[in-house]
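Got a structure for you, written out below as structure tokens; questions coming shortly.
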Amino acid sequence: MNKLILACAALLAGCAIQPDYKRPDVELPAAWKDSAQNPAKDKDGSWWRVYSDPELEKLVAEALARNANLQIAAARVDEARALLVQTDAALYPTVDGRFERNRTLSSAATGLLPPGIPRERNAYIATLGVSYEIDLWGKLRASSQAARADLLASEAARETVRITLAADVAKVWFSLRSLDAQVASTRRAVGLLEDGLRLQKKRFEGGVISEFDYRQLEAEAAGTRAQLPPLERDREVQEAVLAVLLGRSAKSIMEESFARAAEDPSMALAPAVVPEGLPSELLLRRPDLVEAEQRLIAANARIAAARAAMFPSIALTGYAGSEAQALSSLFTGPAGIWQLAFGVAGIIFDAGRREAQVDAARAREQQLLAAYQGAIQNAFREVRSALATQSRARESYDIESARAAALAATLRLALLRYRNGQASQLEVLDVERNLLAAVNSRHEALRAQRAAVADLYKALGG
């Protein structure tokens, strides 16, 4: 008989053991494919300082303090922390107090009162109660572990929002600066063309040039001027996007105009970010991957909680106190009362409901396992794409800079040839048109390179 009891206890204990969590096996490369001589590094999380742009640093600080999405993420962390405290509280006894005063009048017509018992009676009761559920099967501990993993996941989610927000602010800011520079260069080109147009108009009216030459110059000036409205539209759109990222008011979103300097074409590129010799396992510290893994850990713990719910619950309850007819004698020796109870409750038949809950918990774990593996694949895709984009963006900027420099020299030669009567006005116009396109392309290439740096920091988890 004793052996049978021990065997049953061992079987029940075995059923209640929580499945050990083990990080899923992931095939990782040994290190990053690319390398750099002097990679930019950041240790305090403020990676946007690599741009050496004080205005950008102010904007990021404002966004981190006021952005709505970040505030939502922070509130979710507070909620998860409160739920953890609530779940952990179930591991400890619950103590409650009670005080009552009753006044009762019994009927004299029934004759049921024993002799000497007054019809009108007072009763004072004061008790202190304790209740405690014995966590024999680990249900409460598993629930606490799941809640703790949820808290860690919400903290990682907040960090993901923080990194993404800083990257978005940087990209929008540099997009605005690039658009300002393109607007400035286009306006300069329009001004030069209009000055030339006024001069050529006088020459046309004086019969020096043909109407054909004059109308071509007029069309060229109008075509260059037509490039301004789309650029200014894009600038206003980006200003509204930046205002939202910064958490500014609706009035600011409609009216804000950010003061900034036009892009200096000679400005240095943002430092290259290439994790030289960095083990790829470090990417698993990326906040979104930490969040995905903590969700998986929570799901694993909830399987144990669902399995433990299939076994009986064991509870201890009791109270101690006093009961008397007069308040003055409530706490005297004869007034003492107490109760101690031990209870076991379990489901005998529930039509498979609890087994289904275990199956559902296992299915959720499989979903989160697949999500975790997919998040890892996506993270490495983002890093590889960001590395390639950053490298090619630097090359594009160098090429566009060389193109703009060559066209600037060509324009000087074309103007000299035109003044000496060796070239036509059309040749000069062609060079001016190509130079404007090259200058604007260089501004766009500079913006793309800076955005690529922000994207790579984001892909690397800040």
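On the given criteria, is Q390 in a helix (DSSP H, G or I), in contact (Cβ under 8 Å) with a residue 60 or more places away in the chain, within 42 Å of the chain's Cα centre (by Cα) and crowded, with 18+ Cβ neighbours inside 10 Å? Spell out how you get there, then give the answer.
Details: in a helix (DSSP H, G or I): yes; in contact (Cβ under 8 Å) with a residue 60 or more places away in the chain: yes; within 42 Å of the chain's Cα centre (by Cα): yes; crowded, with 18+ Cβ neighbours inside 10 Å: yes.
Yes; evaluated as a whole, the condition is true for this residue.
Then there's this: For the stretch 393-404, what are the residues that are charged (D, E, K, R) and open to solvent by 60 Å² or more (accessible area, probe 1.4 Å)? Give the derivation first.
Step one: list which residues in the stretch 393-404 are charged (D, E, K, R), which gives 394-395, 398, 400, 403.
Residues satisfying the conditions are R394, E395, D398, R403.
Hey, another quick one. Of all residues in the stretch 332-351 being in contact with a strand residue (DSSP E or B) (Cβ under 9 Å, 6 or more places away or on another chain) and surrounded by 11 or more Cβ atoms within 10 Å (Cβ to Cβ), which is farthest from A320 (Cα to Cα)?
Start the filter on the stretch 332-351 by keeping residues that are in contact with a strand residue (DSSP E or B) (Cβ under 9 Å, 6 or more places away or on another chain), which leaves 332, 334-346.
Narrowing the set further to residues that are surrounded by 11 or more Cβ atoms within 10 Å (Cβ to Cβ) leaves 332, 335-339, 343.
Working: T332: 14, A335: 11, G336: 8, I337: 6, W338: 4, Q339: 6, G343: 18 Å.
Ranking the qualifying residues of the stretch 332-351, first place goes to G343.
I would also like to ask the following. Of all residues in the stretch 192-201, which are open to solvent by less than 90 Å² (accessible area, probe 1.4 Å) and either touching a residue at least 24 places away in the same chain (Cβ under 8 Å) or under 18 Å from N434 (Cβ atoms) (or both)?
Scanning the stretch 192-201 gives L193, E194, G196, L197, Q200.
Within the stretch 224-244, can you find the residues that are more than 30 Å from Q71 (Cβ to Cβ) and either open to solvent by less than 30 Å² (accessible area, probe 1.4 Å) or free of Cβ contacts under 8 Å to residues at least 12 places away in the same chain (or both)? Lay out the reasoning, then the answer.
Narrowing the stretch 224-244 to residues more than 30 Å from Q71 (Cβ to Cβ): 224-233.
T224, A226, L228, P229, P230, L231, R233, listed by residue number.
Okay, moving on. Would you mention how many residues in the stretch 405-417 are farther than 18 Å from S185 by Cα and open to solvent by 60 Å² or more (accessible area, probe 1.4 Å)?
Of the stretch 405-417, the ones farther than 18 Å from S185 by Cα are 413-417.
After this cut, where a residue has to be open to solvent by 60 Å² or more (accessible area, probe 1.4 Å) as well, the list is 413, 416-417.
The number of residues fulfilling the criteria is 3.
Consider only pairs whose beta carbons are under 7 Å apart and that are at least six residues apart or on different chains; among these, list those whose first residue lies in the stretch 411-432 and is over 22 Å from E218 (Cβ atoms) and whose second residue is open to solvent by less than 60 Å² (accessible area, probe 1.4 Å).
Note: pairs meeting the criteria are R417/A423.
When you look at V161, is it more than 19 Å from R66 (Cβ to Cβ) and either among the β-branched types (V, I, T) or assigned to a helix (DSSP H, G or I) (or both), yes or no?
Values: more than 19 Å from R66 (Cβ to Cβ): no; either among the β-branched types (V, I, T) or assigned to a helix (DSSP H, G or I) (or both): yes.
Judged against the criteria, V161 is not a match.
Could you tell me whether A74 is modelled with pLDDT of 90 or more, out of contact with any Pro (no Cβ under 9 Å at 6 or more places or on another chain) and more than 22 Å from S175 (Cβ to Cβ)?
Values: modelled with pLDDT of 90 or more: yes; out of contact with any Pro (no Cβ under 9 Å at 6 or more places or on another chain): yes; more than 22 Å from S175 (Cβ to Cβ): yes.
Taking the combined requirement at face value, the residue satisfies it.
The values are calculated or read from the model by the stated rules, or taken from the named source; none is laboratory data. Everything quoted here is computed from the prediction, not taken from an experiment. Positions of Cβ are generated from backbone atoms using ideal geometry, with glycine treated the same way; all protein chains shown enter the neighbour counts. Ligands, DNA and RNA are stripped out before the accessible areas are found, and what is left, the full protein with its side chains, is counted by its heavy atoms. Shrake-Rupley method; radii C 1.70, N 1.55, O 1.52, S 1.80 Å.
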